[in-house]
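Here is the structure we will look at, set down as structure tokens.
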Amino acid sequence: MIRINENYLKLKASYLFADIARRVQAHQEAHPETEIIKLGIGDVTEPLPVACREAFHKAVDDLGCRESFHGYGPEQGYSFLRDAIAENDFQSRGADITADEIFVSDGSKCDSGNIQEIFAQDITIAVPDPVYPVYVDTNVMAGRTGSCVDGRYENLVYLESTPQNDYLPGLPEQSVDLIYLCFPNNPTGATATANQLQQWVDYARGNKAIILFDAAYESFIRDDSLPHSIYEIEGARETAIEFRSFSKNAGFTGTRCALTVVPKELMARDSNGVAQSVHALWSRRQSTKFNGVSYPVQKAAAAVYSKAGRREIAQLTDYYLGNARIIREKMTARGLTCAGGENSPYIWINTGGDSWEFFDLLLNKAGVVCTPGVGFGNCGQGHIRLSAFNKRESIAEALERISSVL
Ligand code: PLP
């Protein structure tokens, strides 16, 4: 008799964004005349940069000739892309990362979700609260947690991000083995200084732990004093894996390209206490289960690092940051306390009341979709997240409507 993986039954009833979609659909059916403005899910709205499209087209044409045809590519990614990433994203900032430590993939969601497979079942895991749900749910599926009780899974250590600590969680009081961090943060928009990251790296070294550092939003950093990569921090090569994505900087949410950095020094122990290479394990995992990103997509991604590509990326991220500034200013003017929105496309708003009630108010009275903070964890209660990923006109219209109902 075929049976299921019962860990899936522990998952909270539905994925946050599916829950939101259901409410939005119900509202739309009841009020077909309302033009709903979505400031909820973090999908981009602006088209792919010209530089990326041109490279994409050309690469498709390459596939049309026997001489320049490409079949299966290297699982870890083409070196033209990995070289460009190593040089532009890391070495140019003093982070000592080489191309062979970079694994190109079709998304940071997959990578940050799949990475747990290479670690032991009985490790102690720390996750921020609120958190990007993928980190938690993939560990639930893998059976590393108990049940969900009052919004929290047993056996996870929650790192609380609250107004009291400016949404920057402190180090865990106990020893943990795997730590998920994300800066600039989704959902709070909080950023971490080099000193703050140094404390995490020192903690990880002291506890022989590994940090999973999600830098999906690093391209929104404008404050020159803030690190873009954890590898700008001393000791991080021995303690951290970093995830990056082309989704939010270059609009690749539908095109799909991302990368994971696993330094060669990074070790984890087997049950005999012998150090094993995490790079080797991830390489083995990827080459078994993943067949690489398509050649045209990698060519399009590499164009991000051309002169024209860099200029267009800066314009795109500036555009969303301009939206973020307007949202933050308007909401602050309505007397609400906001975090994020600077160096981040997300604005985390302290509404003081129930998150879903505020969500329903904005949907039903203003026709605007936000993300209820509690959907990201218990500490998100009393907050909502607004996303700057939308057209400027829609942002302006949404803010007018919100102002009129507050
Ligand atoms: N990491 C974080 C923190 C995100 O917010 C997202 C997407 O919203 C991702 C990763 C997913 O990125 P990708 O599109 O590369 O899968």
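Ranking request for peptides 181-191, 55-65, 304-314: highest mean number of other beta-carbon atoms within 10 Å first, then the rest in descending order. Kindly include the intermediate steps, with their values, before the conclusion.
Numbers: 181-191: 26.4, 55-65: 14.2, 304-314: 17.0.
Result, highest mean Cβ count within 10 Å first: 181-191, 304-314, 55-65.
Using Cα centres only, tell me the gap between the stretch 91-161 and the stretch 1-71 in whole Å.
21 Å
Could you check the simple spin-label distance between E87 and H31, using points 7 Å along Cα→Cβ, in nm with one decimal?
Here the modelled spin labels are 5.3 nm apart.
Treating cross-link reach as a plain straight distance, find the lysines whose alpha-carbon is under 28 Å from the alpha-carbon of K10, omitting any fewer than eight places away in the same chain.
K109, K289
To the nearest 20 debye, what charge dipole does the stretch 53-306 have about its Cα centre, counting +1 at the Cβ of each Lys and Arg and -1 at the Cβ of each Asp and Glu?
Values: 21 positive and 34 negative charges, 130 e Å.
Here the size comes out at about 620 debye.
I313: net charge of surrounding residues, Cβ under 15 Å, Lys/Arg +1, Asp/Glu -1, itself excluded? Write down the numbers at each step before the final one.
Values: positive: R53, R222, R244, K248, K307, R310, R311; negative: E46, E54, D89, E218, E312, D318.
Neighbourhood net charge equals +1.
Pairs of Cα atoms under 8 Å, at least six residues apart: use those to get the relative contact order of the stretch 78-214, whole percent.
On the way: 168 pairs, mean separation 27.2, N = 137.
The normalised contact order for the stretch 78-214 reaches 20 percent.
Roughly what % of DSSP beta bridges within the chain run antiparallel, to the nearest 5? Mind dumping the intermediate values first?
Details: 24 of 42 bridges.
Around 55 percent antiparallel, to the nearest 5.
How high is the relative contact order of the chain, given as a whole-number percent (alpha carbon pairs under 8 Å, six or more residues apart)?
Numbers: 780 pairs, mean separation 94.0, N = 406.
Worked out over the chain, it gives 23 percent.
Show that you can apply the helix-only estimate: for the chain, add -39,500 (n - 2.57) for every DSSP H stretch of four or more residues, divide by all residues, and state [θ] at 222 nm to the nearest 500.
Working: 11 runs with 133 residues, N = 406.
Calculated mean residue ellipticity at 222 nm is -10000 deg cm²/dmol.
For a Förster distance of 22 Å, can you work out the FRET efficiency between the beta-carbons of D96 and M267, rounded to the nearest 0.05? Can you show the working numbers first?
Details: r = 17 Å, r/R0 = 0.77.
The computed FRET efficiency comes out at 0.80.
For the pair A194 and A120, what calculated FRET efficiency results from E = 1/(1 + (r/R0)^6), where r is the Cβ-Cβ distance and R0 = 35 Å, to the nearest 0.05?
Values: r = 31 Å, r/R0 = 0.88.
The formula returns an efficiency of 0.70 here.
Please work out how much length the chain gains when fully extended from S68 to E46, using 0.36 nm per residue of separation minus the C-alpha to C-alpha distance, in nm with one decimal. Before the final figure, lay out each step's value.
On the way: separation 22, 0.36 × 22 = 7.92 nm, distance 3.10 nm.
Length gained, S68 through E46: 4.8 nm.
Nearest 0.05, what FRET efficiency do R222 and S79 give at R0 = 51 Å with Cβ-Cβ as r?
Working: r = 31 Å, r/R0 = 0.61.
According to the calculation, E is roughly 0.95.
Roughly speaking, to the nearest percent, how much of the chain's 1.4 Å accessible area is carbon and sulfur? Each step should come with its number before you reach the end.
Details: 8680 of 17860 Å².
Summing carbon and sulfur atoms, their accessible area is 49 percent of the total for the chain.
How many Å² of accessible area per residue for the stretch 53-306, probe 1.4 Å? Could the numbers behind the result be given before it?
Details: 10370 Å² over 254 residues.
Per-residue accessible area for the stretch 53-306 comes out at 41 Å².
Excluding residues on the same chain fewer than 8 positions from K264, give the lysines whose Cα lies under 19 Å from its Cα.
Result set, ordered by chain and number: K208.
Which value in nm describes the separation of the simple spin-label points at D202 and K12, placed 7 Å from the Cα toward the beta carbon?
3.4 nm
Gaussian network model of the chain, Cα springs within a sub-10 Å range: biggest mean-square fluctuation belongs to which of I41, I179, I230?
I41
Using a Gaussian network model on the chain with a 10 Å cutoff between Cα atoms, which of T351, T317, T34 fluctuates the most?
T34
In nm, give the distance between the simple-model label positions of E154 and R285, each being 7 Å from the Cα along the Cα-to-Cβ direction.
Each label point is offset 7 Å from its Cα along the Cβ direction, giving 2.6 nm.
Indicate the helices, whole DSSP H runs only, in the chain that combine a mean Kyte-Doolittle hydropathy of -1.0 or more with a Cα extent along their long axis of 30 angstrom or more.
The qualifying helices are 307-333.
Could you compute the net charge surrounding D106? Neighbours are other residues with a C-beta less than 14 Å from the C-beta of D106; K and R count +1, D and E count -1. Intermediate values should be presented prior to the final figure.
Details: positive: K109, R244, R256, K289; negative: E75, D111.
Charge balance in the 14 Å sphere: +2.
What value does the chain have for Rg/Rh, both radii from Cα atoms and Rh as Kirkwood defines it? Intermediate results must be reported in sequence, preceding the final value.
On the way: Rg = 21.3 Å, Rh = 22.1 Å.
Radius of gyration over Kirkwood radius for the chain works out to 0.96.
Once each part is reduced to its C-alpha centroid, what is the distance from the stretch 263-326 to the stretch 244-258 in angstrom?
10 Å
May I ask you to work out the translational diffusion coefficient for the stretch 326-372 at 4 °C, viscosity 1.567 mPa s, via Stokes-Einstein with Rh from the Kirkwood sum over Cα pairs, reported in whole µm²/s?
Working: Rh = 11.2 Å.
The Stokes-Einstein estimate is 116 µm²/s.
The values are calculated or read from the model by the stated rules, or taken from the named source; none is laboratory data. Everything numeric here is computed off the predicted structure, so don't read it as measured data. Neighbour counts are summed over all protein chains in view; Cβ atoms, including those assigned to glycine, are modelled from backbone coordinates with ideal geometry. SASA here: full protein model, heavy atoms, side chains in, ligands and nucleic acids out. Shrake-Rupley method; radii C 1.70, N 1.55, O 1.52, S 1.80 Å.
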